[in-house]
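Working notes, beginning with the structure itself.
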Ligand SMILES: [Zn+2]
């Protein structure tokens, strides 16, 4: 599909295990970077596709991504790491 730089996959189940510190949608694929890692991972559905409808959610000070697979309609939630507010100097 995408040649070259696409990183390793991560499944929806594994994506919930550590907080996501950065994300973007690239050609419809959801690319995630996890806390403590510099690697980017493309979220892969059980059906093998990487294309998701992505919505950000904020509730009770927590942020997450609500995702839905374009292919099979599987839905899931990916927790986002929320950094502490910077202190004024
Ligand atoms: Zn799917």
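The values are calculated or read from the model by the stated rules, or taken from the named source; none is laboratory data. The structure displayed is predicted, hence computed values, not measured ones. When we count neighbours, we look across all protein chains shown, and the Cβ atoms used for this are built from the backbone with ideal geometry, even at glycine.
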In region 38-65, residue modelled with the highest pLDDT [restricted to those that are more than 16 Å from residue 11 (Cα to Cα) and in a loop (DSSP other than H, G, I, E, B)]: 38
Those residues of region 1-34 which are modelled with pLDDT of 85 or more, assigned to a loop (DSSP other than H, G, I, E, B) and exposed (fewer than 12 other Cβ atoms within 10 Å of the Cβ), in sequence order: 8, 17, 27
Selection count, region 66-89, where residues are in a loop (DSSP other than H, G, I, E, B) and away from the ligand (no atom under 15 Å from the Cβ): 9
Which numbered condition residue 44 misses (of (1) surrounded by fewer than 17 Cβ atoms within 10 Å (Cβ to Cβ); (2) on the phi < 0 side of the Ramachandran plot; (3) within 16 Å of the ligand (Cβ to nearest atom)): (1)
